[in-house]
Structure formats: structure tokens, C-alpha cells
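Worksheet for the structure shown next.
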Amino acid sequence: MDKLEKLAKRIMKECEQDGEPVTLEEAFEMAKMEMGAKEVSVGARGAEPIPEKEKKTRNVKTSNEKAFIFQKILKNLSENFENVTVLKENKLIEVKYGGKVLKIDLVEQRPPKN
């Protein structure tokens, strides 16, 4: 007796115990579906791959206070050092000094929640 027959007979017994007897044909059909479901992996059920979502571009808002402080820091560093570069506007400054590269990141904290 092969696996399909054993499974079909077990399904017939279970359905009979539940009070819903099925024919041998119906049991074979149910057994085929059950065996087919075991062989299919979860990721392979869809015919088409799931399309990737488009990434939204972030619109960074900079406060006037942060922009003011950033410009003051940038001006002071530019006056005192030769190799000063702005990597991200109102956020990140790179300074090359003594053979080393230093980065200054200006982060504005959110107000505490009450």
C-alpha cells in the first residue's frame, strides 16, 4: 500500500468519526491535496515574486537655530583650519588635521514627551 492509499484510508476513517463519511474517490482527492500541500514550500506558493516597495525619500527639516549654529561652527573651523569640508548640509563637517580625519555631527534633540 503506498502513502496515498494509506492517507486516503486514514482520511476516510477520520471523516467517518466526525459524522461526515466520504467516498474513496473523495478521500483520494483530499489525500492528493494534502500531500501536495506538504511538498510546496511557503515561499514557492506564489507564481510571481512580490514586488519591492518604493523607498520614500525623506525630507529633512532643519530648524533655524540648528542652521545658525552650524554656520557659526563651520565659519570658526574654516578660519582656524585649512581642510574643512561639509559632507551633509547643516549636519556633518569633516576636518583633516595632523594626518587624521575628524567628523563633527550636529544633532538636534527632540523635546521630551510629557
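Quick note: the coordinates plus some simple rules give every number you see, no bench work behind them. Remember, predicted model here, so these are calculated numbers, not experimental data. Counting neighbours? That spans all protein chains shown, and the Cβs are built from the backbone with ideal geometry, glycine included.
Quick notes on this one:
- Principal-axis tilt of helix 3-17 within the chain, Cα atoms, nearest 10 degrees: 80
- Cα-centre dipole for region 64-105 with unit charges at Cβ (Lys and Arg positive, Asp and Glu negative), debye to 20: 100
- Multiplying each eigenvalue of the alpha-carbon gyration tensor of region 64-105 by 5 and taking the square root yields semi-axes of 19, 11, 6 Å, largest first, rounded to whole angstroms.
- With R₀ fixed at 22 Å, the C-beta to C-beta distance from ASP2 to GLU26 puts the FRET efficiency at about 0.75.
- Relative to its Kirkwood radius, the Cα radius of gyration of the chain gives an Rg/Rh of 1.60.
- Listed by chain and number, the lysines whose alpha-carbon sits under 29 Å from that of LYS53, ignoring those within fewer than 8 places in the same chain, are LYS61, LYS88, LYS91.
- Extension gain, PHE68 back to GLN109 (0.36 nm per residue minus Cα-Cα distance, nm): 13.2 nm
- In this structure, TYR97 and LYS56 have a Cβ-Cβ separation that, at R0 = 30 Å, corresponds to a calculated FRET efficiency of about 0.20.
- Using a simple spin-label model with pseudo-atoms 7 Å out from Cα toward Cβ, ARG10 and VAL86 lie 7.1 nm apart.
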